[in-house]
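Novice: Shown below is the structure under consideration.
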Amino acid sequence: MNKRPLTVRVARWSAEHPWRAIALWVVFVAVCFVGGNMAGTVEATNSDEAIGESGRADVIVSDGKFDNPATESVLITARAGALDQAAASAAAADVTTAMKALPEVADVSPPLPSHDNTALLVRVTMKGDPDTAQERIGPLHAATDAVQSRHPELRVEETGGPSISQAMDDTLGKDFQRAEFLSLPVTFAILIVAFGALIAASVPVLLALFSVAAALGLSTLASHLVPSTDTTASVILLIGMAVGVDYSLFYLRREREERARGRAHLDAVEMAAETSGHAVVVSGVAVTIAMAGLFLAGDVVFSSLAVGSILVVLVAVLGSLTVLPALLAKLGRWIDRPRVPLLWRLTRPRAAGAPSRVWSFILRPAIRRPAVTLAVSVLALLALAAPAISMRLSFPGMEDLPRTTPAMQAYDRLVKAYPSNGTVHTVAVRVPDGQRAAVEQQLTLLATKAAADPLFAPLDEAPDITFSADGKVAVLDVATPFAGRSDQAKESLTRLRTQLVPQTIGQVPGTSVAVGGFVGADVDYADHVKHKLPIVMGFVLILTFLVMAFTFRSVVVALTSIALNMLSVAASYGLVVLIFQGTWAEGILGFTSMDAVVSWLPLFLFVVLFGLSMDYHVFVVSRIREAVAQGMPTREAVAYGITGSAGVVTSAAIVMVAVFSIFATLSTIDMKQLGVGLAAAILLDATIIRAVVLPSLMTLLGNANWWAPRFMRPRRPAAHRAEVIEGELISAGR
């Protein structure tokens with residue numbers, strides 16, 4: 001008798017000792033979560049996040065240990081017509097008096113008129129840690145509002161880093177609260193529709209949440225090896241809910257099918273472990289490989305996301321193989337209680353493999369005319385992917401933040417009146433010993449030359465050259481009047497790096513110079529992604545091929561798996577470009593086009609989609625392979641496998657699409673693009689790819705699907721699975 005697979009032995013032990021398994025799982029999650037919180041999180045530093053020349057500039061500035069207090073700007077303008085200079089001066093004096101009286105304020109600068117005398121600017125320097133300035137900004141806003149009420153004929157408004165951060169935190173905080181509030185109820189509602197029973201719908205959500213909690217704790221421990229970033233926890237929640245629900249859903253549906261065939265409860269759990277449990281392991285390995293590709297990006301942000309994603313996937317796999325069988329064994333037939341009357345009749349368990357009339361109808365073109373169906377569907381997906389050729393990469397900038405807040409509206413008026421307060425290039429210099437005077441002279445010359453160039457903003461005041469306390473680092477901000485993503489801003493960066501800097505500060509012997517700022521970071525990061533994306537893709541494709549080939553003992557299945565996933569990813573790229581690089585969808589989704597795709601999105605989207613798509617693919621192909629192993633012709637096996645798994649794949653896909661779509665409702669453009677890209681790709685993958693392209697391709701290939709070199713072929717059929725397949729074929733009327 002063949003030795004049972006590990007997944008079966010673990011599941012059998014858990015089902016026979018449910019309280020032990022549940023207790024061990026609870027202890028494991030508690031230890032991970034509590035231990036992680038006690039260890040604390042190591043945050044990534046500027047040095048960790050440095051990319052390209054802009055990254056080097058950030059490191060130089062960081063090494064200077066500058067005292068950069070938080071500053072606010074109070075802008076005084078006319079509500080209509082020309083600005084009354086006397087009234088504006090009186091309002092500025094009122095602002096100065098009010099601000100100096102506040103304990104949160106360290107200094108107030110003299111009023112600064114704009115070049116065209118349309119505005120008056122008062123700068124306010126705050127006390128305390130600049131990172132927490134937004135928490136102390138309230139009294140400043142109150143003072144500004146009081147001045148505004150005393151000068152109603154003028155517009156007196158406040159903006160600045162703390163004001164904008166507070167406004168964005170309020171906006172984004174409400175966004176994410178809404179997303180979190182909606183995601184769990186939406187997921188639970190979909191699972192109720194899928195199962196028709198409340199307890200059955202609760203189990204996947206509960207296990208997914210436990211997996212997320214354990215992974216959050218483990219990720220804080222891992223941050224001592226790979227520094228963490230602000231986005232790690234959000235990605236753990238996103239990926240954890242997706243795979244956690246999926247894996248439990250696959251397992252639970254198969255167990256219910258086996259019970260519907262009349263198997264004893266423990267035997268049903270064992271069969272689910274042997275089939276769906278095996279698919280969960282393979283899928284988990286595939287997702288882990290995809291996420292591990294992020295380590296090759298050479299970026300601490302992606303490395304942190306990789307660690308968090310891998311941990312939550314592995315924990316979800318572990319929970320599906322251990323505590324889930326224990327819960328099923330303990331709950332028994334209570335898993336199908338309490339039932340939702342109408343939904344239960346529609347979704348009650350059927351014998352495994354029982355044909356679905358709806359899916360039999362959907363599959364008919366792919367099974368009867370595979371060549372035509374394949375050609376039409378692939379051409380349609382390629383047409384959808386075509387816009388990706390024109391993809392442009394860019395960071396979201398200040399111009400992409402929502403303009404619904406007073407702080408952002410004031411910022412726009414500030415930049416219009418004082419262009420030097422807009423897009424800024426940062427010239428960072430390491431000063432050699434004894435060269436401070438020469439460096440200051442050349443930086444002054446650089447600022448003067450830039451001010452005379454139409455690509456740069458004229459100087460509102462003397463060049464702001466700042467030296468560190470030890471005199472070893474100097475910084476100069478050079479402004480451009482153009483938006484950060486504009487061609488003119490990028491041209492100004494090129495001129496600064498290739499002409500102005502070498503001609504001035506570059507002439508001082510021994511200096512080390514780097515030009516950073518938003519534009520530099522935007523250009524450098526886009527180049528970084530374009531260079532790293534092929535490397536990451538190659539790594540993921542090669543390892544995924546090996547896993548799929550040895551899992552299914554077929555080179556053809558491995559190649560077609562990769563091809564279909566690449567087709568799905570390409571189509572999602574095309575959709576994102578089509579929607580967000582144009583303007584036609586602005587009104588529908590509530591955004592302003594940035595005429596580009598967020599720089600980090602293609603790389604992250606590739607690994608996430610490639611990993612999650614394998615969930616469905618492994619599950620569906622495993623069912624097809626089971627039937628073929630028993631001797632069913634490939635054409636019939638394809639129909640049997642897809643109709644038999646259609647319900648669970650559809651339910652899992654609907655959960656993912658619903659959760660990802662919520663992200664498309666958030667205010668920021670990067671979250672909108674992420675939500676639309678993920679939701680569209682999963683929808684395409686679960687419908688066109690799995691219901692049209694996959695069956696037509698496998699039907700067309702026939703027995704060639706299972707070709708493999710001699711060393712990869714199994715020595716004997718999996719005899720212990722014969723009973724499963726035989727029973728399914730009988731119940732399906734084969």
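The values are calculated or read from the model by the stated rules, or taken from the named source; none is laboratory data. Everything quoted here is computed from the prediction, not taken from an experiment. All Cβ positions, glycine included, derive from the backbone under ideal geometry; neighbour counts span all protein chains shown. SASA here: full protein model, heavy atoms, side chains in, ligands and nucleic acids out. Shrake-Rupley method; radii C 1.70, N 1.55, O 1.52, S 1.80 Å.
Novice: Among VAL301, VAL307, which is open to solvent by 10 Å² or more (accessible area, probe 1.4 Å), among the β-branched types (Val, Ile, Thr) and out of contact with any helix residue (DSSP H, G or I) (no Cβ under 6 Å at 6 or more places or on another chain)?
Specialist: Just a single option satisfies the conditions, and that option is VAL301.
Novice: Considering only region 525-547, I want to know if a residue exists there that is open to solvent by 30 Å² or more (accessible area, probe 1.4 Å) and of a type in the set (Ser, Thr, Tyr).
Specialist: no
Novice: Which residues, counting only those in region 9-50, are in a loop (DSSP other than H, G, I, E, B), within 33 Å of the chain's Cα centre (by Cα) and either touching a residue at least 24 places away in the same chain (Cβ under 8 Å) or closer than 19 Å to LEU266 by Cβ (or both)? Spell out how you get there, then give the answer.
Specialist: Within region 9-50, the first condition is being in a loop (DSSP other than H, G, I, E, B), and the residues that meet it are 17, 40-42, 44-45, 50.
Subset that is within 33 Å of the chain's Cα centre (by Cα): 40-42, 44-45, 50.
GLY40, THR41, VAL42, ALA44, THR45, listed by residue number.
Novice: On the basis of being in a loop (DSSP other than H, G, I, E, B) and surrounded by fewer than 19 Cβ atoms within 10 Å (Cβ to Cβ), does PRO458 make the cut? Step through it out loud before you land on a result.
Specialist: On the way: in a loop (DSSP other than H, G, I, E, B): yes; surrounded by fewer than 19 Cβ atoms within 10 Å (Cβ to Cβ): yes.
The answer is yes for PRO458.
Novice: So, one more: From the list LEU121, LEU102, LEU83, which residue is of a type outside the set (Gly, Ala, Ser) and open to solvent by 30 Å² or more (accessible area, probe 1.4 Å)? Show your work before the answer.
Specialist: Numbers: LEU121 fails: open to solvent by 30 Å² or more (accessible area, probe 1.4 Å); LEU83 fails: open to solvent by 30 Å² or more (accessible area, probe 1.4 Å).
None of the other options fit; the residue is LEU102.
Novice: Something else now. Inspect region 581-598 for any residue being crowded, with 22+ Cβ neighbours inside 10 Å and assigned to a helix (DSSP H, G or I) and give the result as yes or no.
Specialist: Checked against the condition, which is being crowded, with 22+ Cβ neighbours inside 10 Å and assigned to a helix (DSSP H, G or I), region 581-598 yields no hits at all.
Novice: Among the residues of region 70-80, what is the count of those that are in contact with a Lys or Arg (Cβ under 7 Å, 6 or more places away or on another chain) and either at pLDDT below 90 or exposed (fewer than 15 other Cβ atoms within 10 Å of the Cβ) (or both)?
Specialist: Within region 70-80, residues that are in contact with a Lys or Arg (Cβ under 7 Å, 6 or more places away or on another chain) and either at pLDDT below 90 or exposed (fewer than 15 other Cβ atoms within 10 Å of the Cβ) (or both) number 1.
Novice: Does ASP670 satisfy being in contact with a strand residue (DSSP E or B) (Cβ under 6 Å, 6 or more places away or on another chain) and on the phi < 0 side of the Ramachandran plot?
Specialist: On the way: in contact with a strand residue (DSSP E or B) (Cβ under 6 Å, 6 or more places away or on another chain): yes; on the phi < 0 side of the Ramachandran plot: yes.
It is true that ASP670 is in contact with a strand residue (DSSP E or B) (Cβ under 6 Å, 6 or more places away or on another chain) and on the phi < 0 side of the Ramachandran plot.
Novice: How do the pairs read when you match residues in region 110-123 that are among the β-branched types (Val, Ile, Thr) with residues anywhere that are open to solvent by 70 Å² or more (accessible area, probe 1.4 Å) and modelled with pLDDT under 90, using Cβ under 8 Å and keeping only pairs 6 or more apart or on different chains?
Specialist: Listed pairs, sorted by first residue: THR118/ALA82.
Novice: Also: How many residues does region 685-734 hold that are open to solvent by less than 60 Å² (accessible area, probe 1.4 Å), of a type in the set (A, V, I, L, M) and at pLDDT below 75?
Specialist: Residues flagged as open to solvent by less than 60 Å² (accessible area, probe 1.4 Å), of a type in the set (A, V, I, L, M) and at pLDDT below 75 within region 685-734 amount to 6.
Okay, residues lined up against (1) at pLDDT below 85; (2) open to solvent by 60 Å² or more (accessible area, probe 1.4 Å):
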position: ASP131; (1), (2): yes, yes
position: GLY138; (1), (2): no, no
position: GLN148; (1), (2): no, no
position: PRO152; (1), (2): no, yes
position: ASP170; (1), (2): yes, yes
position: GLY173; (1), (2): yes, no
position: PHE176; (1), (2): yes, yes
position: LEU198; (1), (2): no, yes
position: ALA201; (1), (2): no, no
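Novice: Ok, one more. Considering only region 434-469, how many residues are without any contact (Cβ under 8 Å) to a residue 24 or more places away in the chain and out of contact with any strand residue (DSSP E or B) (no Cβ under 9 Å at 6 or more places or on another chain)? Walk me through how you get there before you give the answer.
Specialist: Initial filter on region 434-469 (without any contact (Cβ under 8 Å) to a residue 24 or more places away in the chain): 434, 437, 441, 444, 448, 451-452, 454, 462-464.
Checking which are out of contact with any strand residue (DSSP E or B) (no Cβ under 9 Å at 6 or more places or on another chain) leaves us with 434, 437, 441, 448, 452, 454, 462.
Matching residues across region 434-469 total 7.
Novice: If we keep just the residues of region 283-298 that are over 30 Å from ALA526 (Cβ atoms) and open to solvent by less than 10 Å² (accessible area, probe 1.4 Å), which is modelled with the highest pLDDT?
Specialist: Step one: of region 283-298, the residues over 30 Å from ALA526 (Cβ atoms) are 283-285.
Next, from what is left, pick out any that are open to solvent by less than 10 Å² (accessible area, probe 1.4 Å): 283-284.
Numbers: SER283: 86, GLY284: 89.
Out of the qualifying residues, it is GLY284.
Novice: Scan region 387-414 for residues that are part of a helix (DSSP H, G or I) and open to solvent by 50 Å² or more (accessible area, probe 1.4 Å) and jot them down.
Specialist: If we filter region 387-414 for residues that are part of a helix (DSSP H, G or I), which is where we start, we get 387-390, 398-400, 406-414.
Selection gives ILE389, SER390, MET398, GLU399, PRO406, GLN409, ASP412, ARG413.
Novice: Being among the small types (Gly, Ala, Ser), part of a helix (DSSP H, G or I), modelled with pLDDT of 90 or more and more than 23 Å from VAL693 (Cβ to Cβ), is that true of even one residue in region 550-558?
Specialist: Restricting attention to region 550-558, the residues satisfying the condition of being among the small types (Gly, Ala, Ser) are 554, 558.
The next check asks that each one be part of a helix (DSSP H, G or I); those that pass are 558.
Filter once more, so that each one left must be modelled with pLDDT of 90 or more: 558.
Those left that are additionally more than 23 Å from VAL693 (Cβ to Cβ): none.
No, that holds for no residue.
Novice: Going by the structure shown, is LEU666 within 27 Å of ALA388 (Cα to Cα), surrounded by 23 or more Cβ atoms within 10 Å (Cβ to Cβ) and touching a residue at least 40 places away in the same chain (Cβ under 8 Å)? Break it down into steps so the answer makes sense when it comes.
Specialist: Numbers: within 27 Å of ALA388 (Cα to Cα): yes; surrounded by 23 or more Cβ atoms within 10 Å (Cβ to Cβ): no; touching a residue at least 40 places away in the same chain (Cβ under 8 Å): yes.
When the stated conditions are applied, LEU666 does not pass them.
Novice: Still on this structure: Return the residues of region 468-480 that are open to solvent by 10 Å² or more (accessible area, probe 1.4 Å) and either among the basic types (Lys, Arg) or farther than 17 Å from LEU446 by Cα (or both); say none if nothing qualifies.
Specialist: ALA469, ASP470, GLY471, LYS472
Novice: Report yes if LEU328 is open to solvent by less than 40 Å² (accessible area, probe 1.4 Å), at pLDDT below 90, in a helix (DSSP H, G or I) and farther than 30 Å from SER54 by Cα, otherwise no. Outline the logic, then answer.
Specialist: Values: open to solvent by less than 40 Å² (accessible area, probe 1.4 Å): yes; at pLDDT below 90: yes; in a helix (DSSP H, G or I): yes; farther than 30 Å from SER54 by Cα: yes.
Yes, satisfied.
Novice: Does any residue of region 285-308 turn out to be farther than 30 Å from ASN46 by Cα and assigned to a helix (DSSP H, G or I)? Walk me through it before giving the result.
Specialist: Within region 285-308, the first condition is being farther than 30 Å from ASN46 by Cα, and the residues that meet it are 285-286.
Retained after the next criterion (residues that are assigned to a helix (DSSP H, G or I)): 285-286.
Taking every residue of region 285-308 in turn, at least one turns out to be farther than 30 Å from ASN46 by Cα and assigned to a helix (DSSP H, G or I).
Novice: Which condition breaks for PRO534 when tested against (1) closer than 30 Å to LEU612 by Cβ; (2) touching a residue at least 60 places away in the same chain (Cβ under 8 Å); (3) out of contact with any Leu (no Cβ under 6 Å at 6 or more places or on another chain)?
Specialist: Result: PRO534 passes all but (2).
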